[in-house]
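Colleague: Quick one: the structure is below, and I'll ask about it shortly.
The values are calculated or read from the model by the stated rules, or taken from the named source; none is laboratory data. Owing to the predicted nature of the structure, the values given are computational and were not obtained by experimental measurement. Quick reminder, even Gly has a Cβ in these numbers, built from the backbone with ideal geometry, and neighbours come from all protein chains shown. For the accessible areas, the whole protein counts, side chains as well, though only heavy atoms, and no ligand, DNA or RNA atoms are used. Shrake-Rupley method; radii C 1.70, N 1.55, O 1.52, S 1.80 Å.
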Amino acid sequence: MRRFLAFLPALVLFQGSLEFLAAQSRPAVIKIDSDRVIGEVDAHLFGNFTEHLGRCIYGGIFEEGSPLADENGFRKDVLAAVQGLGVTMLRWPGGNFASGYNWMDGIGPRDQRPARRDDAWGALESNRFGTDEFLKYSERVGAEPYLCINAGLGSVDEARKWVEYCNEPGKTYLADLRRKNGHDKPWGVKYWGLGNEIDGPWQLGHKNAEDYATFALEAAKAMRRADESIQLIASGSSNFGPDSDWVGWNRTVLDRLKTEIDYISLHTYIGNRDNNFEKFLAVSRDIEDRIAVVEGQIKAARVGNPNARPIHIAFDEWNVWYRTLVSGEFNIGRTGLEEKYNFEDALAMGMFFNSFIRHADVVKMANLAQLVNVIAPIFTNKQGLYLQTIYFPLAEYAKQRGHQSLDVFVQAPEYKPDSGRALSYLDVSSTYDPKTRKVFLNVLNRSEKQDIAAQISSVSGAVGSANVWELNHPDLKATHTFGNDKVVRPVTRTFQPAAQDKGFGYTFPKHSLTILTLQLN
Ligand code: AHR
């Protein structure tokens with residue numbers, strides 16, 4: 001008996017491969033119908049995040065005195081890389097940093113600004129980069145700015161005055177202060193976060209859901225008095241651990257804030273902690289479960305009120321992050337949370353975007369955490385930069401902003417990476433641009449061992465031509481560094497699909513991310 005038990009795992013695996021082969025005796029099926037629109041892929045799904053943390057700001061986007069910087073201190077090489085990423089929105093100043101930050105410290109002549117302790121990250125904050133620098137930087141990037149107020153140790157009055165400083169067109173003390181600091185016209189900051197991760201015990205000024213809602217309601221009221229056109233993002237759940245009552249947190253926040261907020265934020269970081277590739281890329285189940293739960297909670301909060309304000313989900317922090325969890329330095333310019341990404345992490349970018357796109361009707365904002373050096377696609381030193389593996393899928397998906405997300409039919413071999421429910425090896429999302437009649441098919445093959453053949457058909461017109469963008473590498477752990485950042489790069493090619501009454505065949509290689517751009521006749 002014991003002997004038999006020893007063979008059991010191998011037998012199960014063997015049976016798994018047989019099932020796989022049997023399933024692949026017929027190709028996977030993907031059917032496209034451009035009428036089956038889920039929702040618009042909001043441009044703000046391709047947002048990013050810059051926090052005062054490690055070398056994200058100082059030594060990242062901003063390095064005074066560097067030969068690589070412009071007259072503002074903005075690193076020109078970094079700016080070009082950021083523009084290549086297609087960043088549509090930038091969140092600032094944190095993150096955890098926001099919960100101890102007083103925006104008044106970061107305005108006016110740089111040499112007169114106070115240096116302060118940053119007790120979120122145990123660092124020294126010079127305040128040489130502040131509100132006006134950030135808003136000018138966002139303008140240069142061409143990104144919508146998104147400011148997060150201090151709902152931890154800060155006050156409602158500070159938040160109200162920050163809106164006035166940024167957006168007031170009249171002649172008030174704070175608007176005149178902005179003018180004195182070099183910006184005559186209002187900045188017109190539209191997106192304001194009502195705090196960061198206030199559900200987390202690690203947060204400075206952490207609160208329970210009721211206390212947070214009481215604070216956020218007053219902050220929303222006061223901030224909207226300063227500018228009624230602003231959009232507000234509530235701090236939703238960031239703590240999805242087994243002991244966390246994240247459902248309860250979101251319920252309270254939505255119930256109490258539903259008349260004031262436009263978004264509820266969710267934060268998600270993932271990692272391949274047990275070195276299991278296929279399980280790592282199965283996390284979309286959890287991400288989509290959370291989306292479904294919060295979508296239901298939003299509906300429940302709004303039910304019975306036909307004029308209720310629409311509320312959407314903002315994933316305003318998401319990424320792979322598990323290797324460098326502590327920062328802990330008390331010094332500007334030392335490194336912190338400098339994750340080195342590999343090829344499988346780049347594939348995870350496709351998994352995240354596929355989940356967001358499949359829920360494009362409710363997920364209307366997402367901000368990768370973060371932009372430079374700190375858990376980021378761009379990595380600098382004083383002499384230059386390199387692009388991490390995750391840079392390339394991020395830049396490619398951003399081209400689909402404004403498209404219509406399509407509900408495609410997918411039937412593909414399935415797997416069970418753990419005791420949870422089975423999922424398809426092919427993780428697929430699709431978008432459609434009605435102006436050009438192009439369909440984008442985003443396909444992640446999460447099988448580590450098997451190529452998957454698929455039959456792709458369209459009921460919305462035959463496919464005339466197709467472009468392929470493919471990210472693949474034989475080594476799942478392949479990574480980049482200075483002078484060697486061409487290891488994991490996408491390849492592109494075109495092809496002419498053959499006869500199409502029943503569609504055309506395409507094989508998605510094992511462990512690859514493919515974006516097919518299909519021109520409909
Ligand atoms: O992005 C790094 C940190 O992760 C942020 O400061 C915080 O909001 C989250 O816990």
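Colleague: Report the accessible area of residue 160, computed with a 1.4 Å probe over the heavy atoms of all protein chains in place, in Å² rounded to the nearest 10.
Modeller: 80 Å²
Colleague: Under the classification rounded if a/c is under 1.5, otherwise prolate if a/b is larger than b/c and oblate if not, where does region 248-401 fall, given a ≥ b ≥ c as square roots of the Cα gyration tensor eigenvalues?
Modeller: prolate
Colleague: Which order do 309, 446 take when ranked by solvent-accessible area (1.4 Å probe, heavy atoms of all protein chains), largest first?
Modeller: Largest accessible area first, the residues go 309, 446.
Colleague: Give me the angle, in degrees from 0 to 90, between the Cα long axis of helix 156-167 and the longest principal axis of the Cα atoms of the chain, rounded to the nearest 10.
Modeller: Compared with the principal axis, the helix lies near 80 degrees.
Colleague: Would you mind telling me the antiparallel percentage of the DSSP bridges in the chain, rounded to 5?
Modeller: Around 60 percent of the beta bridges assigned by DSSP in the chain are antiparallel ones.
Colleague: Another question about this same structure. Counting each DSSP H run of 4 or more residues in the chain as -39500 (n - 2.57), what helix-only mean residue ellipticity at 222 nm follows after dividing by all residues, to the nearest 500 deg cm²/dmol?
Modeller: So the helix-based figure for the chain works out to -8500 deg cm²/dmol.
Colleague: Sticking with this one: Compute the accessible area per residue over region 71-155, keeping the other protein chains in place, probe 1.4 Å, unit Å².
Modeller: Here the residues of region 71-155 average 33 Å² of exposed surface.
Colleague: Heavy atoms only, 1.4 Å probe, whole protein assembly: order 139, 295 by accessible area, highest first.
Modeller: Ranked list, largest accessible area first: 139, 295.
Colleague: In square angstrom, rounded to the nearest 10, how much accessible surface does residue 36 have for a 1.4 Å probe?
Modeller: 120 Å²
Colleague: Now for a different question. Taking R0 as 25 Å, what's the FRET efficiency between residue 105 and residue 252 from their Cβ-Cβ distance, rounded to 0.05?
Modeller: With R0 = 25 Å, the Cβ-Cβ based efficiency is 0.20.
Colleague: Compute the long axis of helix 284-302 from its Cα atoms, compare it with the longest principal axis of the Cα atoms of the chain, and write down the angle in degrees, 0 to 90, nearest 10.
Modeller: Its long axis makes an angle of about 60 degrees.
Colleague: With a 1.4 Å probe and all protein chains left in place, how much of the accessible area of region 42-401 comes from carbon and sulfur atoms, in whole percent?
Modeller: It is 49 percent, rounded to a whole number.
Colleague: Listed here are the pairs 221/435; 190/477; 31/258; 207/279; 31/435; 190/279; which of them are more than 29 Å apart at the Cα?
Modeller: 221/435; 190/477; 31/258; 207/279; 190/279
Colleague: Based on the Cβ-Cβ distance from residue 139 to residue 475, what FRET efficiency comes out when R0 is 60 Å, to the nearest 0.05?
Modeller: 0.90
Colleague: Which Cα, out of 319, 306, 347, lies furthest along the positive dipole direction of region 256-351 (beta carbon charges, K/R +1, D/E -1)?
Modeller: Among 319, 306, 347, the one farthest towards the positive end of the dipole of region 256-351 is 306.
Colleague: What is the Cα centroid distance between region 422-475 and region 70-110, reported in whole angstrom?
Modeller: Between the Cα centres of region 422-475 and region 70-110 lies a distance of 36 Å.
Colleague: Related question: Mind listing the phi-derived Karplus ³J(HN,Hα) values for region 102-111, rounded to whole Hz, using 6.51, -1.76 and 1.60 with θ = phi - 60°, and x for any glycine or proline?
Modeller: 10, 4, 5, 5, x, 10, x, x, 4, 6
Colleague: Enter the per residue convex hull volume of the chain, computed from alpha-carbon coordinates, in Å³ rounded to the nearest integer.
Modeller: Looking at the chain, the number lands at 167 Å³ per residue.
Colleague: Taking amide H positions as placed 1.01 Å from N in the peptide plane, with prolines and chain starts having none, which residues 5 or more places from residue 363, or on another chain, fall under 5 Å of its amide H?
Modeller: Amide H neighbours of residue 363, under 5 Å, 5+ apart: 313.
Colleague: Counting heavy atoms of the protein chains only and a 1.4 Å probe, report the per residue accessible area for region 385-469 as a whole number of Å².
Modeller: I get 36 Å² per residue for this part.
Colleague: Follow-up question, since we're still on this one. Does region 388-438 classify as rounded, prolate or oblate by the C-alpha gyration tensor (a ≥ b ≥ c root eigenvalues; a/c under 1.5 gives rounded; else a/b over b/c gives prolate, otherwise oblate)?
Modeller: Taking the square roots of the gyration eigenvalues as a ≥ b ≥ c, region 388-438 is oblate.
Colleague: Stokes-Einstein D for region 256-331 at 20 °C, 1.002 mPa s, Kirkwood Rh over Cα pairs, in µm²/s?
Modeller: This corresponds to a translational diffusion coefficient of 142 µm²/s.
Colleague: Here's something else I'd like to know. Please work out the FRET efficiency for the pair residue 361 and residue 224, using the Cβ-Cβ distance as r and a Förster radius of 35 Å; give the result to the nearest 0.05.
Modeller: Once rounded, the FRET efficiency stands at 0.85.
Colleague: What accessible area, in Å² to the nearest ten, does a 1.4 Å probe give for residue 58?
Modeller: Solvent-accessible area, nearest 10 Å²: 30 Å².
Colleague: How many Å² of accessible area per residue for region 175-278, probe 1.4 Å?
Modeller: Each residue of region 175-278 exposes 42 Å² on average to a 1.4 Å probe.
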